[in-house]
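Report on the following structure.
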Amino acid sequence: MERNLPLEGLRVVELGTHFAVPSVARMLADWGAEVVKVEGINGEPWRTVGRNQKCAITDEENPFFTVPNANKKFLALNLKSADGKTALMKLISTADIFLSNMRIPALTKLGFDYDTLSAAYPELIYVHFTGYGYQGPDAAKPGFDSVAFWARSGAMLDWGTEGNFPFLAPTGAGDAMVGAILCAGVLAAVIGRQRTGRGTFVSSSLMGSSIWYNNAAVVSTQYGNQFPKDKDHPANPFGWQYQCADGEWLMIGVVDYADAYQKIMPLFGRKDLLEDQRFNTITAVQQHLDEAMPIFRAGFMMDTRDHWVERIGALNIVIGKIGHLSELATDPQAIANNFVQPVTFSSGKTIAMPTVPVEFSAYDTGKAYEPTGAVGRDTDEVLTGMGYTAIQIAELKANGAAK
């Protein structure tokens, strides 16, 4: 298998912060693009967010920052200085793709807005990301994924069950979903440029993506589907969650309720209910849930989660454990498929890190996972590649235009 990668030859300049835009650039980097991440001389905020998650945030070990930023080059510029802006413009002139989530007024003030750059470089693919889109009353609002993706979409309240406290997804989970769909848009623009020779403006938002990912609820609530769900009255009792004797939970996902009922009830020692017309069809059980749910719950409480996952799964019924986030780093299925990968930081610590979950049969995309290092780690290399001399680079650093 050759190491050559599908996006080799593409140069990407990222002026991005936090997770969504950097995650797009991370995926492009994994697939062979050369990505230069441009930060301010003090670094971008995601470098320190890990401390809120009890993670190390040193130059030698910063796993939270590394996830969306591995395999990139790091250039630190002061864009408030003329020399810093000039350096970034020179870099963009060599790029195929420019990504940013800075607000449009700030980009315009700096001279890195779409109109300016597309006029100078008509083949440039310009990628921008917002919280709420470009129109409407909330267009100018900043938006983190917790607010603009999870809260605004209704997921915090309505994905749970009645009476529950609003859930909080792990930091960056919504950003990661948005990054994936935005990356698809970037790749479509790359293909389009191959056909037309022209670049384009590519954009997405947290709110717009949350509506897309909530598509089933957006449609069905207009027909009367109710959220949040009542935990005691599921539409399908065998498409539901159950606690087991060891206190752990499982998820069962059945399409043909009547078939599953005939298979599962004997395992609960309830063959006497096989012909009970209150429970043996989906239409009937929906009318008798107050009687049925205690029976099903008592059945699952007869043994452990893993027992039921194995026994019921052997009947060709889709069932699985409801796991814990802390288990993912050591999950044997994740390890076997390289869904997590051991990464050793320069501090000497090795931990399991999530990998981009896309594979190509013709390319070896699964081995590179370069930790991030310090702000401006590659400033000298990037500027030298742009034609700056050692003396010029030293002058940029001395006058505060670079680090």
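The values are calculated or read from the model by the stated rules, or taken from the named source; none is laboratory data. Because the structure is predicted, anything quoted here is derived from the model rather than measured. Quick reminder, even Gly has a Cβ in these numbers, built from the backbone with ideal geometry, and neighbours come from all protein chains shown. Ligands, DNA and RNA are stripped out before the accessible areas are found, and what is left, the full protein with its side chains, is counted by its heavy atoms. Shrake-Rupley method; radii C 1.70, N 1.55, O 1.52, S 1.80 Å.
Amide H to amide H distances under 5 Å link Ile322 with Trp249, Leu250, Met251, where only residues 5 or more positions off or on other chains count and H is placed in the peptide plane.
Note on region 280-403: semi-axes of the ellipsoid equivalent to its C-alpha gyration tensor, largest first and rounded to whole Å, are 56, 17, 15. A Cβ-based charge dipole, computed about the Cα centre of region 1-118 with Lys and Arg at +1 and Asp and Glu at -1, lands at about 340 debye.
Each principal axis of the Cα cloud of region 286-341 was evaluated for its coordinate range; sorted largest first, these ranges are 48, 24, 22 Å. Of the chymotrypsin sites (Phe, Trp or Tyr not before Pro) found in region 139-200, those in coil by DSSP whose Cβ has at most 14 other Cβ atoms within 10 Å are Phe167. Counting only DSSP beta bridges with both residues in region 34-137, the antiparallel share comes to about 0 percent. At a temperature of 4 °C and a viscosity of 1.567 mPa s, determine how fast the chain diffuses translationally according to Stokes-Einstein, using the Kirkwood radius over alpha-carbon pairs as Rh; express D in µm²/s, rounded to the nearest whole number. Reported coefficient: 53 µm²/s.
Each residue of region 140-151 was assigned a 3J(HN,Hα) from its phi angle through the Karplus curve 6.51 cos²θ - 1.76 cosθ + 1.60 (θ = phi - 60°); the sequence is 8, 6, x, x, 8, 5, 4, 9, 7, 9, 6, 6 Hz, with glycine and proline shown as x.
With all protein chains in place and a 1.4 Å probe, the accessible surface of region 246-378 carries 55 percent carbon and sulfur. For region 83-132, the carbon plus sulfur part of the accessible surface works out to 54%, probe radius 1.4 Å. Counting charges near Glu123 (Lys, Arg +1; Asp, Glu -1) among other residues having Cβ under 9 Å from its Cβ returns a value of +1. Taking amide hydrogens as placed 1.01 Å from N in the peptide plane, the amide H of Val127 sits under 5 Å from those of Phe98, Leu99, Ser100, Val202, each at least 5 positions away in sequence or on another chain. Rounded to the nearest whole Hz, the Karplus-based 3J(HN,Hα) values (6.51 cos²θ - 1.76 cosθ + 1.60, θ = phi - 60°) of region 97-110 follow the sequence 9, 10, 10, 7, 10, 5, 5, 4, x, 5, 5, 5, 4, 7, with x at glycine and proline. When the charge dipole of region 53-192 is built from unit charges on Cβ atoms (+1 for Lys and Arg, -1 for Asp and Glu) and taken about the Cα centre, the candidate among Tyr126, Gln53, Ala173 whose Cα reaches farthest toward its positive end is Tyr126. Over the chain, dividing the summed -39,500 (n - 2.57) contributions of all DSSP H runs of at least 4 residues by the number of residues returns a 222 nm mean residue ellipticity of -10000 deg cm²/dmol. The residues Cys244, Cys55, sorted by heavy-atom accessible surface at 1.4 Å with ligands and nucleic acids left out, run Cys55, Cys244 from largest to smallest. In loop segments of region 8-65 as defined by DSSP, the trypsin sites (Lys or Arg not before Pro) with at most 11 further C-beta atoms inside 10 Å of their C-beta are Lys54. Assuming charge only on the beta carbon of Lys and Arg (+1) and of Asp and Glu (-1), the dipole of region 139-281 about its Cα centre is about 860 debye to the nearest 20. Using bins of 5 Å that start at zero, the share of Cα-Cα pairs per bin across region 28-180 amounts to 2, 7, 13, 17, 18, 18, 12, 7, 3, 2, 1, 0, in whole %. Applying the Karplus relation 6.51 cos²θ - 1.76 cosθ + 1.60 with θ = phi - 60° to region 230-246 yields 3J(HN,Hα) values of 7, 5, 9, 9, x, 5, 9, x, 9, x, 8, 9, 9, 8, 10, 4, 8 Hz, where x marks Gly and Pro.
Using only the alpha-carbon atoms of region 124-265 as identical scatterers, what base-10 log of I(q)/I(0) does the Debye formula give at q = 0.11, 0.20 Å⁻¹? With no solvent term, the Cα-only Debye profile gives -0.60, -1.23. Solvent-accessible surface of the chain, averaged per residue with a 1.4 angstrom probe and all protein chains in place: 51 square angstrom. Net charge dipole, the chain: roughly 1000 debye, given to the nearest 20, about the Cα centre with Cβ charges of +1 for Lys and Arg and -1 for Asp and Glu. Ordering Phe296, Gly269, Gly387 by the projection of their Cα atoms onto the charge dipole of the chain, which places +1 on the Cβ of Lys and Arg and -1 on the Cβ of Asp and Glu, puts Gly387 at the extreme positive end. The Cα atoms of region 196-270 define a convex hull whose projected area, averaged across directions, is 10.3 nm². Checking every one of the GluC sites (Glu not before Pro) in region 236-326 against DSSP loop status and a limit of 10 other Cβ atoms within 10 Å picks out Glu275.
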